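The values are calculated or read from the model by the stated rules, or taken from the named source; none is laboratory data. Note that the coordinates shown come from a computational prediction; the quantities given were computed from them, not determined experimentally. Here the Cβ is made from the backbone with ideal geometry for all residues, glycine too, and neighbour counts use every protein chain on show. Accessible surface is based on the protein model in full, side chains and every heavy atom, while ligands, DNA and RNA are left aside. Shrake-Rupley method; radii C 1.70, N 1.55, O 1.52, S 1.80 Å.
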Amino acid sequence: DIPADDWANITKFYDVLIFNTGHWWGPDKFPKETPLVFYRGGKPIEPPLGIFDGLKVVLKSMSSYIEREVPSTTMKLWRTQSPRHFDGGEWDHNGSCLSKRLLEEHELDSWFDPRFGGVNKEARLVNSVIEEALVGTDIQLLNLTYMSEFRADAHPAIWLGKKDAVAVWGQDCMHWCLPGVPDTWVDILAARILHYFKQGEG
């Protein structure tokens, strides 16, 4: 609710600021029995908010702070969620990602669209809240989700390099192999930054 002094004092220093939020906004991380406590004006919000209503409060607070405190000349980007590719269950319920191929475009909705209730719906749910929070601000959306949804083949999964690693740790269908998809994110980010500042010179 109150930023640390070092964060509160840096807003006018940087030419580029990139924001993101991670996988911790899934309903499974903070169930109704143990909800997160969200604050407004230094006081807990009662009754406790559900995870996505809480995320809306956080994003609204953050975006208004950024708009108020960060100069308009600063390039402000918000990176969308990184998708997961669990098939057949969550990470802790035998979910796997044994695919050695890219997904086809017609397959994406069945994997990621919240209407289908699959285990990978989280990224699109969070992204919709982010997009709503950024309306009317000068914070640009850096959408890396869609291009990454195709890459069911690009997670460590069974490629951990240790014979028994999958049996012990399960399949990692959330993080990415390197080099890999995150390198493409960096290339896109670099191109966006260069384009932004070249426009400013013109």
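Applying a threshold of 6 Å to beta carbon distances and a minimum spacing of six or more residues, or different chains, the list of pairs starting in the stretch 169-189 at a residue that is of a type in the set (A, V, I, L, M) and ending at one that is part of a loop (DSSP other than H, G, I, E, B) reads M174/R84; V181/R151; V181/A154.
When E107, E69 are checked against the criterion of being of a type outside the set (A, V, I, L, M, F, W, C), open to solvent by 20 Å² or more (accessible area, probe 1.4 Å) and without any contact (Cβ under 8 Å) to a residue 40 or more places away in the chain, a single residue qualifies: E107. The requirement of being open to solvent by 50 Å² or more (accessible area, probe 1.4 Å) and under 30 Å from K198 (Cβ atoms) is satisfied by N20.
No other residue among D92, D87 is open to solvent by 10 Å² or more (accessible area, probe 1.4 Å), in contact with a Ser or Thr (Cβ under 9 Å, 6 or more places away or on another chain) and modelled with pLDDT under 90 apart from D87. Can you say whether L36 is assigned to a helix (DSSP H, G or I) and open to solvent by less than 70 Å² (accessible area, probe 1.4 Å), as far as the supplied structure shows? So L36 fails the test.
Listed by first and then second residue, the pairs linking a residue in the stretch 48-59 that is more than 10 Å from W25 (Cβ to Cβ) to a residue that is open to solvent by 50 Å² or more (accessible area, probe 1.4 Å) and part of a helix (DSSP H, G or I), with Cβ atoms under 7 Å apart and 6 or more places separating them unless they lie on different chains, form an empty list.
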